[in-house]
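One structure below.
The values are calculated or read from the model by the stated rules, or taken from the named source; none is laboratory data. As the structure is a computational prediction, the values presented were derived from the model and not from experiment. Ideal geometry is used to build each Cβ from the backbone, glycine not excepted, and the neighbour counts take in all protein chains shown.
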Amino acid sequence: MAQRVHMPLSQEMPSKGDIASGLSLPEQFLLVAYRPGWDDKMERARPGGQGAALVGSMLLELALRGVLKVQRGRFTIEDDAGSILTPELAAVATQLRELGPVTTQVAMEKLAKNLPDRLRPWVQALERRGVLREERTRKLGVLSRSQIFLLDEPAKDKLENRLVRTLAAAATRTPAPSCCWAW
């Protein structure tokens, strides 16, 4: 049996000139979730925020790369896969490893703390590509705040369109189990 090659979704279906084809899952999620008025409050893991989903995108990227395994409701980090990680993903993997055998919920809560700082490398990568612009300010000289502005609307539209097409194609290929419709 052939061994499955773990490839991030960001590397599937590349097309020439398509900004979305080279993005990691956290970058893709930031772009799809973006709404006008986005500030670092949106990056918190609370109702109305996107924090839990942003943490989930980081974990899914690790899982797709074969680094993260979930066993009995706990995360396990594979030690031999560290060489294929970007520095930001390596930091997430390291923190998960340091947490030890905690439940999935506890691990996600710990990763969600200081999430705006953890997301900074992905936001900066999108900024370097000309997709987003981040403005950082200080309130009262102490409190740091940031806002994100979308610069490349067509990139967001293409990514959303690709997501819709992927979900629609998956729905037509894989019928839902009949148990799911008996609510």
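Computed values, structure above
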read-out	value
Qualifying residue in region 37-53 (condition: more than 22 Å from Asp117 (Cβ to Cβ), modelled with pLDDT under 85 and either over 17 Å from the mean Cα position of the chain (by Cα) or assigned to a loop (DSSP other than H, G, I, E, B) (or both))	no
In region 147-172, the residues that are over 19 Å from the mean Cα position of the chain (by Cα) and either small (Gly, Ala, Ser) or not in a loop (DSSP other than H, G, I, E, B) (or both)	Glu153, Pro154, Arg165, Ala168, Ala169, Ala170, Ala171, Thr172
Selected residue (criterion: surrounded by the fewest Cβ atoms within 10 Å (Cβ to Cβ)) from residues of region 78-107 that are within 22 Å of Glu27 (Cα to Cα) and either of a type in the set (Ser, Thr, Tyr) or modelled with pLDDT under 85 (or both)	Ser83
Number of the exception - Leu140 against (1) at pLDDT 80 or above; (2) of a type in the set (A, V, I, L, M, F, W, C); (3) farther than 26 Å from Ala91 by Cβ	(1)
Phe29 vs. criteria at pLDDT 80 or above, part of a strand (DSSP E or B) and hydrophobic (A, V, I, L, M, F, W, C)	no
Selection count where residues are surrounded by fewer than 18 Cβ atoms within 10 Å (Cβ to Cβ) and touching a residue at least 24 places away in the same chain (Cβ under 8 Å), scope region 109-125	2
Checking Gly130 against (1) surrounded by 11 or more Cβ atoms within 10 Å (Cβ to Cβ); (2) in a helix (DSSP H, G or I); (3) modelled with pLDDT of 85 or more; (4) not aliphatic (A, V, I, L, M), the condition it does not meet	(2)
Checklist (1) touching a Ser or Thr at 6+ places or on another chain (Cβ under 8 Å); (2) under 26 Å from Ala63 (Cβ atoms); (3) at pLDDT below 85 applied to Cys180, failing item	(1)
Any chance Leu62 is modelled with pLDDT of 85 or more, buried (at least 18 other Cβ atoms within 10 Å of the Cβ) and either among the polar types (S, T, N, Q) or farther than 24 Å from Asp157 by Cβ (or both)	yes
